[in-house]
Each structure stands twice: as C-alpha cells, then as structure tokens.
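Here is the structure we will look at.
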Amino acid sequence: MILTTCSVTPTQHSHPPKKHSPIHLPNQKPHSTFSHFNSISLNHKPTNDPTVAWTSSISHHCKNGHLLLAASEFTRMREAQVEPNNITLVTLLSACAHYPSQTIISFGATIHAQAFKYGFAINDVKVGTALIDMYAKSGLLDSARLVFDKMGGRNLVSWNTMLDGYMKHGDIENALNLFDKLPTKNAVSWTVLIGGFVKRDCYEQALECFREMQIACVAPDYVTVIAIIAACANLGALGLGLWVHRLVIKKEFRDNVRVSNSLIDMYARCGCIELARQVFDGMTQRNLVSWNSIIVGFAQNGLAEEALRFFHSMKKEGFEPNGVSYTGALTACSHAGLIDDGLKIFADMKRARRVSPRIEHYGCLVDLYSRAGRLENAWDVIEKMPMKPNEVVLGSLLAACRTLGNVELAEKVMKYLVELYPGGDSNYVLLSNIYAAVGKWDGASKLRRAMKERGLQKKQGFSSIEIDSSIHKFVSGDKYHDENDNIYSTLELLSFELQLCDYVPDFSGKESYEED
C-alpha cells in the first residue's frame with residue numbers, strides 16, 4: 001500500500017473514474033505550479049491513450065492541492081495495469097516536494113521505486129531532477145545526492161537543484177564543492193549561493209560571491225539583486241548599495257516592485273531615509289510592503305511624524321494595515337514619546353480585530369511605557385499579555401530600569417529572564433551595570449560569580465564601517481587591524497577634541513563585569 005490513509009477501490013477499467021470530492025491534507029493550500037524546473041502543460045483534449053488520461057486526472061488533483069486523491073488515483077492507475085510515463089512521475093514528485101512530511105516522503109519513495117523500475121530515475125533528466133528536489137526539500141540530502149550521482153545525464157537545472165538543497169539546509173561545504181564542479185554557472189547558480197548566504201546571515205560571503213559573479217560576467221536577475229541588497233542593508237554597506245541601485249536603473253527590472261521595496265529598506269537601514277523616500281516616490285506602483293518599508297524606515301530613523309503621516313496615508317490609499325504596519329507606527333510613537341498616540345493605535349488595532357496583536361506589538365507597548373518612565377505600566381503589560389514575554393521585551397524594560405535606577409523592578413525582571421533564558425549573558429551584564437550605577441558592588445560581584453558558575457562570558461560587541469565597499473569590523477581593545485597605529489592615533493585625536501568640548505566619559509558599571 002502506498003499511503004496508509006489512501007482508500008483504494010480496485011477497478012477493471014483503464015480510464016480514470018469521475019472526479020472525487022476534494023480532500024485536503026492538513027495545512028495544505030491549493031497551488032498552480034510546482035518546482036522551478038517543472039512547468040507541465042497537459043493537453044486535456046480527448047485522447048485514446050489511457051496513460052495521458054490518468055495523468056491528466058492526477059495532475060488536476062495535484063494542482064488543486066489534493067495529494068491524497070492524486071495518490072489514490074495513481075494506485076488505481078497501477079491496479080488497472082496502466083503504466084505511468086515521465087510526466088506522471090514528475091507531477092507526483094513535484095507535489096510531494098511541496099508538502100514534505102514523513103507520510104508524503106514515504107509516498108515519494110514509492111514513486112521513486114516506480115521511476116527506477118521503468119528507468120526514468122537514471123535516464124530521464126526531469127524525473128531525476130524532480131527526485132532531487134523532493135528529497136532535498138524533505139531534508140534528505142544524502143538521498144538527493146545519491147539520485148544526483150546516479151543520473152545518466154544532468155542539465156544545469158539538476159545541478160542548481162542539488163546546490164539549492166545544500167544551501168537551504170546549511171551544508172555550505174558540500175554546496176561550495178558542488179558549485180566548483182559546475183560545468184556552467186548561470187544567474188540561478190550564483191543566486192542560489194548568494195541567497196543561501198544571506199539567509200544564514202553570512203552577508204560578507206554573499207558580497208564576495210556577488211563580486212565573483214561580476215568578474216565571471218554573469219548578469220544578475222532581480223532575485224540576485226534583492227538578495228544582495230539585503231546583504232548591503234544588514235552590513236550597512238551603503239557604497240555597494242548605491243552601486244547596485246545604479247545597476248538596477250540600467251536593467252529591465254528597474255520598475256520591479258520587490259526590488260524597489262528592497263532598496264527602500266536598505267537606504268532606511270543605512271540611515272539615508274531621504275534616498276528611501278526618493279525610491280518610494282518614484283515607484284510606478286506600490287504594494288503593502290512598499291508602504292510598510294517606508295513607515296518602518298521613518299520610525300527607525302526617529303522621524304515619528306513622517307512615519308505616522310505615511311501610516312494614515314496608506315489607509316487613505318485603501319491599504320489595510322497588517323502586523324508590520326502597526327509595528328512601524330507603534331515604534332514611531334515609542335521613539336518620539338507619543339504615548340497617547342501609541343495607546344490609541346494599539347487600541348484601534350485590537351478593536352479592528354483584523355490583526356491580532358503579536359508579541360512584537362506588546363513589545364512596542366512595553367517600550368512605549370518604558371521610554372516614558374512609566375515602568376510599572378510596562379510591567380503590568382508584561383504580566384497581562386496573552387503570551388510569554390521574550391528576551392527582547394524583558395530586555396527593553398530592564399534597560400529602562402537602568403536608565404531610571406529602579407533596582408527593585410530590575411531584580412524582578414531579571415528573575416523572570418533567568419527562568420526563561422538562563423544563557424543570556426547580556427542580561428547579567430545589564431543588571432550588573434545597574435548595581436554598579438547605584439553603588440551596590442556586592443550585587444555586581446554576585447552576578448559576576450553567577451556568570452562564572454554558569455559558564456557565561458560577556459560577548460564582545462563590535463563596530464563596523466564601510467570603506468571603498470569593504471566592511472571593517474572593530475572590537476574593544478582590538479590590536480590586530482592592519483591600520484592599528486593610524487586607528488588609535490585618530491581615536492586619541494577625537495578624544496582630545498571631545499575633552500575640549502567638555503565631554504566627560506561615563507565609566508560607571510565598567511568594573512562590574514571585569515575579571516578579578
């Protein structure tokens with residue numbers, strides 16, 4: 001039996017029966033296309049070929065997300081002694097790839113056996129590639145690689161599919177080894193590598209791959225550009241981001257709404273909010289993501305009034321705010337101290353009921369109260385919110401306790417934090433600084449010992465700067481940079497100029513986490 005949940009009715013007919021009522025797998029959504037390598041258009045004209053007729057029926061079920069019906073139909077097809085062709089198998093394998101689960105992969109393995117039986121697994125490149133895709137999306141990379149290695153012939157799509165499987169599951173070493181063996185590398189090959197690095201927060205590697213792609217004279221597509229803009233945004237690499245923007249202007253996808261949205265986000269995160277506004281104003285069409293990007297951008301750059309103005313303009317344009325929209329508006333209110341506006345927006349959000357407040361919205365509310373000095377209100381929100389607070393929400397209140405010197409509430413928050421996130425070194429350091437700021441050195445020493453007992457060490461923070469499209473990182477006390485002497489002489493000069501301006505550094509709390 002193929003699937004334990006299939007109900008099979010034997011038939012003596014060689015043609016598919018009438019269509020059944022739809023049966024959905026849990027969490028399934030209807031879809032109209034399968035993997036990027038499989039674009040099958042079946043001819044639904046009357047035919048005397050029973051394989052084509054059965055395949056047409058199976059394809060209909062797959063395209064509507066009814067995989068159990070498709071599996072049942074395939075079982076009945078085999079019981080009618082009708083042999084599948086390569087399109088039958090690719091259709092079923094592609095559907096399995098879209099719904100990876102233990103049950104579905106068992107069915108996929110059965111299809112693999114059929115493909116092997118009829119020689120398609122080795123001799124048909126589309127079936128072989130579909131098998132690779134199915135196993136890779138299910139996390140069975142060894143099985144995918146076995147199919148890849150056994151294929152009698154491969155095309156570039158086969159290579160890219162295997163490469164994509166490795167990158168999505170974080171097997172960077174095998175991905176790079178396979179990439180180096182690629183006989184021909186196209187835009188998809190490079191984009192799979194670049195996008196994979198971006199998704200794993202390896203932004204510098206993504207930029208390096210993009211530079212190599214340029215040297216190889218492979219033109220990027222809009223997916224490549226979106227990935228590389230995301231890398232620039234996360235690194236603050238404004239120089240390279242500007243270069244990519246100029247590249248976009250010359251390409252056919254310069255009016256692509258997703259590319260424009262990425263540019264807005266990149267400029268906003270690099271602090272160039274006016275450039276973000278220029279991109280937004282120049283868009284021929286906008287979607288909800290466009291509005292959210294500019295609203296969040298304004299909020300993050302401290303332009304609360306602009307953020308709220310765009311938030312209200314978005315609604316006038318007929319766009320319904322989603323969770324991101326409300327996060328941007330609430331963040332703007334928090335940064336500007338607009339507590340009444342923030343509370344009104346949160347109340348409207350709950351009243352509208354189109355968007356249920358999530359933890360990030362409650363986090364904004366806690367931050368709103370905390371920045372306004374209303375710490376008890378912030379703590380009340382944490383106690384009454386319908387989900388457990390995360391480290392960010394609690395950390396926001398803890399930071400406010402340090403600013404206002406509220407040791408009692410800080411201890412209460414810290415107790416909660418230790419229960420939920422015992423490995424959070426930054427929380428120990430923050431409470432230690434609170435103790436130090438009010439002269440409670442015994443408390444600071446106890447925390448330092450607690451950190452040692454738990455094996456926790458303070459993670460080094462770092463700063464970064466972009467020079468000539470290269471990112472330079474610095475940690476406190478770093479002596480290993482090539483320009484070390486010049487850097488420290490410049491810091492001494494800056495320190496001297498700050499003293500001339502009557503700046504006095506605050507060293508309070510420094511001793512609390514230094515070694516004995």
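The values are calculated or read from the model by the stated rules, or taken from the named source; none is laboratory data. Because the structure is a prediction, the values reported are computed rather than measured. Cβ: placed from backbone, ideal geometry, glycine included. Neighbour counts: every protein chain shown. Quick note on the areas: whole protein, heavy atoms, side chains included, nothing else; ligands and nucleic acids left out. Shrake-Rupley method; radii C 1.70, N 1.55, O 1.52, S 1.80 Å.
Accessible surface area normalised per residue over the range 88-170 is 37 Å², counting heavy atoms of protein chains with a 1.4 Å rolling probe.
Leaving ligands, DNA and RNA out of it, report the carbon-plus-sulfur percent of the accessible area of the range 210-345 at a 1.4 Å probe. Present the calculation step by step, with values, prior to reporting the outcome.
Working: 3140 of 6080 Å².
Exposed carbon and sulfur together represent 52 percent of the surface.
Using alpha carbons only, how many angstrom separate the centre of the range 131-200 from the centre of the range 297-363? First find each Cα centre; the distance between them is then 41 Å. Tell me the carbon and sulfur percent of the accessible area for the range 53-209, rounded to whole percent, probe radius 1.4 Å. Carbon and sulfur atoms account for 49 percent of the accessible area of the range 53-209. Computed from phi, the 3J(HN,Hα) profile of the range 228-244 under the Karplus parametrisation 6.51, -1.76, 1.60 (θ = phi - 60°) reads 6, 5, 4, 5, 4, 5, 6, 8, x, 7, 5, x, 5, x, 5, 5, 5 Hz, with x in place of Gly and Pro.
Note on Glu419 and Ile465: their simple-model spin labels are 4.6 nm apart, each label 7 Å out from Cα toward Cβ. Heavy-atom accessible surface of the range 232-298, averaged per residue, reaches 44 Å², computed with a 1.4 Å probe.
Can you flag which of Lys168/Lys388; Lys126/Lys181; Lys250/Lys473; Lys185/Lys473; Lys126/Lys185; Lys350/Lys388 are past 24 Å Cα-Cα? Working shown, then result.
Numbers: Lys168/Lys388 30 Å; Lys126/Lys181 21 Å; Lys250/Lys473 32 Å; Lys185/Lys473 32 Å; Lys126/Lys185 19 Å; Lys350/Lys388 19 Å.
The answer is Lys168/Lys388; Lys250/Lys473; Lys185/Lys473.
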